[in-house]
Structure formats: structure tokens, C-alpha cells
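Asker: Questions regarding the structure given below will be posed in turn.
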Amino acid sequence: MSAGFGDAADGWRGRPWRGVGRVPVCLVVADEQTQGRGRLGRSWQSGVGDSLTASFVLALPASLMRGSDSGLLTLAAGLAVLDALRDVVVDAGGLGVAGDLGVAGGLGVAGNAGGAAHAVDGAGTAVAASPAQLLGLKWPNDVYLAGRKLAGILSEVAFSDADDVGVVVGVGANLLVAADRLPTPLSTSLQLHFDGLPPFAELRDRLCAGIARGLRRQMGALAFGGETARDELVSRVNVENVLRGHPVTVDLAAGHRVEGVAGDVRADGSLEVLPADGNGSSGDGSWPVRVTAGDVLLRRAPLMPHTQ
């Protein structure tokens with residue numbers, strides 16, 4: 001993989017892409033991953049034929065890393081992954097739900113195999129759902145499906161000079177993972193929710209192509225679209241934000257804990273946390289809290305176990 005990144009850097013030195021407002025993308029895909037690394041040093045492993053593990057290398061203006069836009073890079077990547085996942089589900093006609101996946105709290109689905117998918121609203125009432133309602137973003141770097149983690153995203157700088165920076169966007173997504181092989185009780189797999197998915201190789205390739213297109217679009221907006229494009233990106237992130245309005249616990253990088261209700265994602269990519277009905281703890285007593293780095297835990301009713 002290092003050689004591939006180096007080749008990409010050499011090929012972009014002349015910056016021919018700058019004049020046409022395009023973001024070049026180089027892709028590396030692993031069939032199996034045993035030593036993957038996620039956010040906050042967490043591990044990510046994948047087996048053959050069950051998960052997407054891919055790294056997308058993008059050349060971007062270095063100015064994006066020097067201002068508030070740097071906080072939007074992973075969120076922009078999240079939108080690209082989210083859109084690609086929605087596209088493959090819609091193309092497969094996948095509104096059937098495999099198993100009983102009910103969950104209280106407005107972030108889950110309920111249904112039986114072969115039946116229509118339903119979202120569960122805040123009162124616990126089942127309402128008709130679509131892939132757009134079942135999939136969403138969890139700040140700062142996860143894609144959620146029915147209240148569980150489906151995919152994770154990690155963005156890092158691979159190379160840079162005075163004008164340009166190479167950013168590696170690593171994506172891991174559970175596609176065909178069986179319920180008894182999921183990495184955590186809070187994770188899920190695409191095939192546990194939707195019937196009619198294509199074979200793994202086709203699913204992987206279509207997702208990679210869709211993510212690459214989405215990265216060009218989202219990162220191009222950040223790099224060349226100006227303030228209006230950035231405002232539109234933040235607005236879209238807030239529409240997709242599965243944390244918004246829900247009680248959360250945040251372990252901040254500074255070492256203290258915040259408990260409150262998740263609010264909007266701000267223009268710099270930070271997450272605003274508000275007091276819950278006047279109660280809660282912000283560590284130093286000041287509200288709202290703007291979280292730029294930390295681990296966010298959604299506080300909710302326990303998820304029901306997966307059934308295959």
C-alpha cells in the first residue's frame with residue numbers, strides 16, 4: 001500500500017487537476033484485513049468475502065488542512081459512503097428485513113423476514129421506513145444502520161507539500177458478515193437488514209465506485225465550491241445526523257466527560273452538545289459544549305439481539 005500512495009503522490013506533483021476543479025482519487029482494496037486500525041487506535045478486522053476494507057487516496061489543496069474546513073473532511077467522506085450504500089440498497093430493491101431487529105429510541109427498525117422495513121419513532125410506534133431513514137451518520141466518522149454501526153471511516157494525511165496534501169480515507173463496512181461474527185453487540189451488517197443484495201465481488205466493486213464518485217463530489221465542493229458549498233455540506237450532515245436530539249455521553253480528549261443531548265454539527269465540523277432539560281454535566285458547567293474530538297456514546301434503550 002505504501003508504494004501505491006507514493007506513486008499517487010508522484011503522479012500529482014504537476015497538479016494538472018487544479019485548473020479543472022477535480023479531485024483525483026487512487027484506490028487500494030484489501031480482500032482480508034487482520035491488522036486494520038480505526039479511530040482512537042481501535043482495531044478493525046475483516047474476513048474474506050464479508051466486508052469492504054478500502055483506502056481512497058485524494059489530492060487536495062493544503063489550505064483545507066489549515067482552517068476550519070479540516071474538521072469537515074471526515075464528515076464529507078461519511079456522506080460519500082452513506083450515498084454509495086443507499087444506492088446499492090435501492091438498486092437491489094432491498095426493503096425486506098432479515099429477522100426481527102426492533103429497537104426503541106427512534107434509531108431502529110422492526111419487521112420480519114421478507115416484510116417491509118419499518119422505523120420506530122420516539123414513542124415506540126412503527127412507521128414506514130425507507131433506506132434513507134434506516135441509514136445515517138453518527139458523528140464524527142461512522143455510518144449507522146438501524147441504530148447500529150455499519151461502517152467506519154478514518155481520514156489521515158499521507159503526504160504534503162506547501163500547496164497540496166494527500167489524504168487517505170480508510171473505509172471499513174460490514175456487508176455480508178453473519179450475526180454471530182459481528183465485532184461488537186452495537187454493530188451490524190448490510191445483509192442482516194436487506195434482501196436481494198448482489199454477490200460480494202459485485203457489491204464491493206459497486207460500493208467502491210460509488211464512494212469514489214462521492215468523494216470527488218464532496219471533496220471537490222470543499223476544495224473549490226466556496227462558502228456556499230461548505231454551508232450546504234454542513235446542512236446535509238445535520239439532516240443525516242442520527243445523534244441529533246438524542247441523549248449522549250461524550251468522553252472528551254481533554255479527559256473529562258460530558259452528558260447531555262446532541263445538537264447540530266457546526267460550521268467547523270464540531271458537534272454541539274446541549275443540556276438535557278436543564279440537567280446534565282458539561283465538566284466545567286458551561287453550555288453548550290462544542291466537541292471537536294472525543295468518543296460519543298448514544299444513551300438509549302438496549303438493542304434487541306440480531307436474529308439470522
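The values are calculated or read from the model by the stated rules, or taken from the named source; none is laboratory data. Just so we're clear, the structure is a prediction, and the values are computed from it rather than from any experiment. Here the Cβ positions follow ideal geometry from the backbone for every residue, glycine too, while neighbour counts run over all protein chains shown. Heads up: the accessible areas ignore ligands, DNA and RNA and are worked out on the full protein's heavy atoms, side chains in. Shrake-Rupley method; radii C 1.70, N 1.55, O 1.52, S 1.80 Å.
Asker: Amide H to amide H under 5 Å from Asp264: which residues, 5+ apart in sequence or cross-chain, H placed 1.01 Å off N in plane?
Answerer: Result for Asp264 returns Glu272.
Asker: Can you list residues from other chains, or at least 5 along the same chain, whose modelled amide H is less than 5 Å from the amide H of Trp139?
Answerer: Val242, Leu243
Asker: Could you work out how much longer the chain between Val29 and Ser130 gets when fully extended? Use 0.36 nm per residue separation minus the Cα distance between them, nm to one decimal.
Answerer: 33.4 nm
Asker: Quick check: residue separation of Ser235 and Glu156 times 0.36 nm, minus the Cα distance between them. What number comes out in nm?
Answerer: This chain segment gains 26.0 nm when fully extended.
Asker: Just order 194-204, 238-248 by mean Cβ neighbour count inside 10 Å, highest at the front, would you?
Answerer: 238-248, 194-204
Asker: From Cα pairs below 8 angstrom and at least 6 apart in sequence, can you work out the relative contact order of the stretch 127-286, rounded to a whole percent?
Answerer: Relative contact order comes out at 14 percent.
Asker: Residues of the stretch 48-78 with backbone nitrogen within less than 17 Å of a virtual label 7 Å along the Cα-to-Cβ line of Asp163, please, listed as ranges.
Answerer: Output list for this probe position: 59-65.
Asker: Starting at the first residue of the stretch 242-257, write each ³J(HN,Hα) from the Karplus equation 6.51 cos²θ - 1.76 cosθ + 1.60 with θ = phi - 60°, in whole Hz, x for Gly and Pro.
Answerer: 6, 7, 4, x, 10, x, 9, 10, 10, 8, 7, 4, 6, x, 9, 10
Asker: Would you mind computing, in nm to one decimal, how far apart the modelled labels at Val48 and Thr184 are, each placed 7 Å from Cα along Cα→Cβ?
Answerer: 2.9 nm
Asker: Just the accessible area per residue of the stretch 158-308, please: how many Å² with a 1.4 Å probe?
Answerer: Each residue of the stretch 158-308 exposes 46 Å² on average to a 1.4 Å probe.
Asker: Report ³J(HN,Hα) in whole Hz for each residue of the stretch 184-198, in order, from the Karplus equation J = 6.51 cos²θ - 1.76 cosθ + 1.60 where θ = phi - 60°; Gly and Pro get x.
Answerer: After applying 6.51 cos²θ - 1.76 cosθ + 1.60, I find 9, x, 9, 10, 8, 9, 4, 6, 6, 10, 10, 8, x, 6, x Hz.
Asker: Between Phe194 and residues 5 or more places away or on another chain, which pairs have amide H atoms under 5 Å apart, with H built 1.01 Å from N, and which residues are they?
Answerer: Ala98
Asker: Could you calculate the contour length gain from Trp287 to Arg22, that is, 0.36 nm times the residue separation minus the distance between their Cα atoms, to one decimal place in nm?
Answerer: Values: separation 265, 0.36 × 265 = 95.40 nm, distance 4.03 nm.
Taking 0.36 nm per residue and subtracting the Cα distance, the gain is 91.4 nm.
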